[in-house]
Amino acid sequence: MGVAKAWRFSLTPAAAKLALLHNGYNNGEKKQVLSLKSSATATTITKTTSSLSQRKQTVSWSWSWSLVCGLMLFGLGLISLFTGHVASDLEWYSQRLVKNTLYYSQLNGNGREAIDVWKSKYSKFYYGCSQRGPRYAPVVKERASNGYLLIATSGGLNQQRTGITDAVVVARILNATLVVPELDHHSYWKDDSDFIHIFDVDWFMSYLAKDVTIVRRVPEKVMRNMDKPPYTMRVPRKSEPEYYIEQVLPILLRRRVVQLTKFDYRLSSNLDDELQKLRCRVNYHALKFTKSIHELGQKLVMRMRRMEKRFIAVHLRFEPDMLAFSGCYYGGGDKERYEFAEIRKRWATLPDLNAEEERKRGKCPLTPHEVGLMLRALGFANETYLYVASGEIYGGDETLRPLRELFPNFYTKEMLANEELKPFLPFSSRLAAIDYIVSDESDVFVTNNNGNMAKILAGRRRYMGHKRTIRPNAKRLSALFMARDQMDWDTFAKKVKSCQKGFMGDPDEMKPGRGEFHEFPETCVCEKPFKDIAKSNDGNLLTAGKTKSTYSVENPGEKARHMSMKRKIGKDRISVGDKEDDEIFAD
């Protein structure tokens with residue numbers, strides 16, 4: 001288009017005038033020559049020559065300027081012809097930046113657009129990408145490996161999940177053969193489930209076959225040839241890959257079998273891209289639940305969908321152990337203080353905490369009532385369906401009553417599956433897995449603390465296309481709840497929406513210095529190519545609300561061919577506190 005405009009310029013009236021001026025210059029030059037022949041005076045010759053020189057300079061300048069203008073227009077035409085799409089891309093980014101800035105300020109009232117509490121308007125621009133790079137080294141076979149790595153995980157289901165994920169990465173770093181990890185049978189939950197009871201072990205081994213060699217057990221021949229039992233050690237929290245190479249690898253080469261105990265959060269959050277993507281392949285693809293757990297979880301999802309198309313999953317995390325560990329107080333008097341003090345005896349190293357100060361710092365989980373008030377203030381209606389993922393609630397039905405009044409359509413796994421749930425009741429990890437499935441499939445997931453389930457699911461939902469995940473901004477909300485009686489509902493709701501800006505699960509919430517990789521898997525979140533965004537806007541791709549199937553990457557290599565650019569969303573993040581007592585958050 002730009003070339004055509006430049007070409008058409010040569011046919012405009014302005015161009016015609018320039019041509020006439022050029023012709024006039026030629027005719028005038030001839031006339032001056034004739035006048036020189038007929039003139040008799042030197043003065044006339046001098047004047048005429050001076051006039052001719054001035055006209056030559058004027059016309060020459062005009063002609064040169066027109067030529068420069070024409071070349072500039074022609075050049076701009078070529079640029080616009082070949083790079084016109086850049087302008088549209090910049091326009092898309094600028095519009096998105098402006099819209100994103102105003103997104104949370106567009107609240108109800110004053111004629112402004114309300115927040116879409118069910119989905120992020122920018123989620124369609126992103127997808128999960130964890131494919132191997134072109135220079136990814138082939139897997140080391142069992143016979144050629146440096147030895148066998150035994151892993152003993154720690155905590156509850158989701159804390160153990162972090163350990164399993166990092167165990168695969170550590171085996172890759174050490175060029176070791178990984179033995180299927182052992183689950184924790186001695187933590188607070190006393191669940192004796194093994195790996196094969198919760199996860200599909202065959203899928204786990206086959207899916208990661210190009211990354212790490214995994215076996216079910218150390219071969220008998222190797223065990224017989226060992227002079228000593230397997231060497232057992234515990235590595236520090238958040239250890240760098242160099243630590244494993246310098247401290248663990250020499251022992252592995254010498255002893256052939258090494259066991260790492262209490263393995264949770266024992267690997268740094270900041271790794272190179274290939275190792276981070278391996279983390280994502282393990283966590284979001286290789287760790288599939290067993291058939292019995294998966295089928296029951298999907299049944300509960302279908303039962304919620306039959307009642308209502310969209311539903312919220314709320315992870316209340318208001319169990320007695322959680323509240324005792326937090327050091328918070330919820331108005332239960334001496335009885336509550338005594339019960340929490342007894343539970344806190346489990347952790348000898350826990351410091352004495354000031355409950356009021358902890359609440360001001362945002363370290364106290366919201367009560368079920370406060371969670372309900374927050375959701376109503378954000379715009380979820382009374383008829384919204386809630387699935388509550390939780391264990392034993394401190395205070396029982398009395399504590400849950402205000403939440404039920406705010407949201408009468410209140411369901412739990414026990415309410416949705418009675419007889420079907422009985423085989424799972426003795427096993428807390430299997431029950432947690434069912435809650436995990438329903439929470440993952442929900443339209444909106446609401447966390448009530450930053451524990452392991454909250455982090456793992458928040459990261460997974462970002463990877464699966466930024467499905468809405470709401471985290472209470474407890475630090476600001478706590479002050480707001482304390483002043484609740486001093487303001488009307490509209491003012492309270494407006495302030496809640498303001499508090500929750502940046503805590504609604506939108507893509508641009510991922511900023512440097514916040515969270516850690518399991519919660520913010522930035523290396524594994526990519527932007528869609530602009531052509532795919534255009535198709536999505538035309539309705540050719542699945543729309544929001546169906547992001548699960550859109551972003552499930554069963555063939556990462558195929559997705560890689562359609563990737564435009566990788567979204568880098570902040571590195572050097574603050575890691576989780578390095579305390580041995582963190583297992584309490586193992587939900």
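Here are the numbers for the structure shown:
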quantity	calculated
Whole-Hz ³J(HN,Hα) from phi, Karplus 6.51 cos²θ - 1.76 cosθ + 1.60, for region 150-160, glycine and proline x	9, 10, 10, 6, 9, x, x, 3, 6, 5, 5
Karplus-derived 3J(HN,Hα), 6.51/-1.76/1.60, for each residue of region 129-143, Hz, glycine and proline x	9, 10, 5, 5, x, x, 9, 5, 5, x, 5, 8, 5, 4, 5
For region 212-226, Karplus couplings with θ = phi - 60° (6.51, -1.76, 1.60), whole Hz, Gly/Pro x	8, 7, 10, 10, 6, 7, 5, x, 4, 4, 5, 5, 5, 7, 7
Built amide H within the under 5 Å cut-off of Phe311, gap 5+	Asp443, Val444
Viscosity 1.567 mPa s, temperature 4 °C, Stokes-Einstein D of region 296-455 from Kirkwood C-alpha radius, µm²/s	77
Protection proxy ranking of 152-160, 124-132 - average other beta-carbon atoms within 10 Å, highest first	152-160, 124-132
Amide proton proximity set for Val388, modelled H, under 5 Å, gap of 5+	Val314, Tyr411, Thr412
Protection proxy ranking, peptides 218-224, 189-195, average beta carbon neighbours within 10 Å, highest first	189-195, 218-224
Links that overshoot a 31 Å alpha carbon limit, given the list Lys124/Lys501; Lys190/Lys455; Lys299/Lys363; Lys413/Lys455	Lys299/Lys363
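Throughout, read-outs are computed from the coordinates displayed, never taken from laboratory work. Note that this is a predicted model, so its numbers are computed, not measured. Heads up, the Cβs are rebuilt from the backbone with ideal geometry, glycines too, and the neighbour counts pull from every protein chain shown.
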